[in-house]
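Undergrad: Okay, handing you the structure first.
The values are calculated or read from the model by the stated rules, or taken from the named source; none is laboratory data. What you see is a predicted model; the values in this text were computed from it and never measured. For neighbour counting, all protein chains shown are included, and Cβ atoms are generated from backbone atoms with ideal geometry for every residue, glycine included.
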Amino acid sequence: MYLPPHFEESRPEVLQEVMREYPLGTLVALTSAGLSANHIPFEYDPQPSPLGTLRCHVARGNSVWKDFDKQTPALVIFGGPQAYISPSWYEAKREHGKVVPTYNYVVVHAYGSMRIIEDAQWLHGLVSRLTEKFESARPQPWAVSDAPPDYIEKQLGAIVGIEIAVTRLIGKAKASQNRSAEDQKQVIRGLREEDPHDPMAAWMERLHGKS
């Protein structure tokens, strides 16, 4: 990943927050056929420190759990807030017009070796925790225990667990750090006008201060 120093995000707590809030990761592994990419929701566990552990499950029919290079760390990519940035928002446009569009985004790259887990109890715990995470805000949350036990047992037999002890984290937050303070304020204002709840505007407010 191209990573100019002014876009680097290295704070572990910030990278962990991105992985928790945007759990759909892209698992990239080296296989006998070349690189394989799978899009999977992950559970992030901050233990063991300092980088923690990622867990997910894949369909048993997905060959990635059987065919991967054990000597090459897997890569999981998490995409956070993102937004198109119009040059019309910049104060610099009014001053001299020498501006172009860009795209702001936050991404985290997590590296580590994959461990394959077929234990039914482990899988039951993982799918239960993931379900609780995604259902918790609903008025009537669905739980794994709502389904018949024999049905759940059959479904668990159709999946395989993957655990990745994270050995390296790289973060990039491209959030107009290369623009003037006035341009940053105008970008936040422009994003808020298009969507009052825009996640990238919120990210920039935390980074640069409110407009």
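Undergrad: So which residues in region 109-146 are under 30 Å from Leu3 (Cα atoms) and aromatic (Phe, Trp, Tyr)? Working first, answer last.
TA: The initial filter retains those residues of region 109-146 that are under 30 Å from Leu3 (Cα atoms), namely 109-115.
Residue satisfying the conditions is Tyr111 alone.
Undergrad: When the residues of region 52-86 are filtered to those that are of a type in the set (A, V, I, L, M) and over 30 Å from His197 (Cα atoms), which remaining residue is nearest to the chain's Cα centre (by Cα)? Quick ask: steps written out before the conclusion?
TA: Just the residues of region 52-86 that are of a type in the set (A, V, I, L, M), to begin with: 54, 58-59, 64, 74-77, 83, 85.
Checking which are over 30 Å from His197 (Cα atoms) leaves us with 58-59, 64, 74-75.
Working: Val58: 17, Ala59: 20, Val64: 20, Ala74: 15, Leu75: 12 Å.
Ranking the candidates gives Leu75 first.
Undergrad: Within the bounds of region 120-138, is there any residue that is in contact (Cβ under 8 Å) with a residue 40 or more places away in the chain and either touching a Lys or Arg at 6+ places or on another chain (Cβ under 8 Å) or among the acidic types (Asp, Glu) (or both)?
TA: Checked region 120-138: at least one residue is in contact (Cβ under 8 Å) with a residue 40 or more places away in the chain and either touching a Lys or Arg at 6+ places or on another chain (Cβ under 8 Å) or among the acidic types (Asp, Glu) (or both).
Undergrad: Quick check on region 189-207: of everything there that is closer than 18 Å to Val99 by Cβ and touching a Ser or Thr at 6+ places or on another chain (Cβ under 8 Å), which residue is surrounded by the fewest Cβ atoms within 10 Å (Cβ to Cβ)?
TA: Arg189
Undergrad: Would you check if His57 is at pLDDT 95 or above and loosely packed, with under 12 Cβ neighbours inside 10 Å?
TA: Values: at pLDDT 95 or above: yes; loosely packed, with under 12 Cβ neighbours inside 10 Å: no.
So His57 fails the test.
Undergrad: Working only within region 1-57, note down all residues that are closer than 30 Å to Asn178 by Cβ and of a type in the set (Ser, Thr, Tyr).
TA: Tyr2, Ser10, Tyr22, Thr26, Tyr44, listed by residue number.
Undergrad: Any residue in region 37-47 that is surrounded by fewer than 12 Cβ atoms within 10 Å (Cβ to Cβ), touching a residue at least 60 places away in the same chain (Cβ under 8 Å) and touching a strand residue (DSSP E or B) at 6+ places or on another chain (Cβ under 8 Å)?
TA: No - not one qualifying residue is present in region 37-47.
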